[in-house]
Amino acid sequence: MAAGGTRTNGRRQPTLAQLRAFAAVAEHLHFRDAAAAIGMSQPALSGAVSALEEVLGVTLLERTTRKVLLSPAGERLAVRAKAVLEEVGALMEEAEAVRAPFTGALRLGVIPTVAPYLLPTVLNLVHDRYPHLDLQVHEEQTANLLDGLTTGRLDLLLLAVPLGVPGVVELPLFDEDFVLVTPLDHWLGGRDGIPREALRELNLLLLDEGHCLRDQALDICREAGREDVPVTTTAAGLSTLVQLVAGGLGVTLLPRTAVGVETTRNGRLLTGYFADPAPTRRVAFAMRAGAARGPEYEELAASLREALRPLPVRVLGPGD
């Protein structure tokens, strides 16, 4: 091909080398200086600009023995050439960022009964160890999070498992016990070794439907031999639920990670602990099977497990 261009849909296209040569001449208005600026020989630079003129079908430069001037077409197209080269540079920078682990955006979905209690640890970990990671947090209920993960709106989830969803891989982080939160005058308030069977007779307050913690509490009651839990009062969040307990409306179950945050703000509460084996929940990361950034998420899970050790949880290994 005489002009050295590429072809798209039958039409010749300029090469990046031709555009760089022309942009350098347009900036320096001197062939020797332009060639030195981009590390190209002067004959090669001149040939590249001539080839570009042939590909475009316009005269870009007015050449004299003393100086180089841009033609009117050259004035207009120099702006375009510079913009194209800047975009190519941005493309290369973005590709470099993609190749580098723990850079760019990570859209993390978190359930409401985990977010307030674990996010401080997660955010500190990312800030200290992965400063170039753009962590974007979305707090939603489990069903919405799973929809966001499978449709690509979210990259990684932090939630209670098991999920049992095809195409979703769980990276277990920890197990934590549930505790019983009661008013001050409750007969189980502050006790250790509470048998699960005690749940059969308690007025248990629950979260609204859609919260996985509600389903877990109902499962615990069924395991204790209680078939039904009359629902007269519910709450949208754990903070409200705990205030209802403090007001004497009943008792509730809290995961251990929530106890320090939710019960210390009210002096009218007591915390009771179940006999072993206590009812528990498991919290994990969840990602799409075959996710391109899967190795990063596995490394992040390993780092988070270590960061979680000061919390009242039982940290798990990757194979648990």
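Please count how many residues of region 212-259 are part of a loop (DSSP other than H, G, I, E, B), open to solvent by less than 40 Å² (accessible area, probe 1.4 Å), in contact with a helix residue (DSSP H, G or I) (Cβ under 8 Å, 6 or more places away or on another chain) and not charged (D, E, K, R). Of the residues in that region, 3 qualify.
Scanning region 24-66 for residues being of a type outside the set (S, T, N, Q) and in a helix (DSSP H, G or I) gives a total of 25. Figure legend. Inter-residue proximity from region 209-222: first residues of a type in the set (Val, Ile, Thr), second residues open to solvent by less than 40 Å² (accessible area, probe 1.4 Å), beta-carbon distance below 6 Å, spacing 6+ or different chains. Indicated pairs: Ile220/Pro279. The condition (being of a type in the set (Asp, Glu), surrounded by 17 or more Cβ atoms within 10 Å (Cβ to Cβ) and in contact with a strand residue (DSSP E or B) (Cβ under 6 Å, 6 or more places away or on another chain)) is satisfied by just one residue among Asp177, Asp208, Asp192: Asp177. Of everything listed in (1) under 29 Å from Ala217 (Cα atoms); (2) buried (at least 17 other Cβ atoms within 10 Å of the Cβ), the single unmet condition for Leu106 is (1). Tell me, please, whether a residue that is of a type in the set (Asp, Glu), part of a strand (DSSP E or B) and under 26 Å from the mean Cα position of the chain (by Cα) can be found in region 177-193. Checked against the condition, which is being of a type in the set (Asp, Glu), part of a strand (DSSP E or B) and under 26 Å from the mean Cα position of the chain (by Cα), region 177-193 yields no hits at all. The condition (being under 22 Å from Gly237 (Cα atoms), of a type in the set (Val, Ile, Thr) and at pLDDT 95 or above) is satisfied by just one residue among Val168, Val161, Val110: Val110. Residue count for region 143-169 satisfying the condition of being surrounded by fewer than 18 Cβ atoms within 10 Å (Cβ to Cβ), among the charged types (D, E, K, R) and in contact (Cβ under 8 Å) with a residue 24 or more places away in the chain: 1. Of all the residues in region 61-101, those that are over 30 Å from Tyr130 (Cβ atoms), surrounded by 10 or more Cβ atoms within 10 Å (Cβ to Cβ) and not basic (Lys, Arg) number 17.
For Glu262, the conditions (1) farther than 30 Å from Thr150 by Cβ; (2) open to solvent by 40 Å² or more (accessible area, probe 1.4 Å); (3) of a type in the set (Asp, Glu) all hold with the exception of (2).
The values are calculated or read from the model by the stated rules, or taken from the named source; none is laboratory data. All values reported here derive from a predicted model rather than from experimental measurement. Backbone-built Cβ (ideal geometry, glycine too); neighbour counts: all protein chains shown. The protein model used for the area step is the full one, side chains on, heavy atoms only, and it has no ligands, DNA or RNA in it. Shrake-Rupley method; radii C 1.70, N 1.55, O 1.52, S 1.80 Å.
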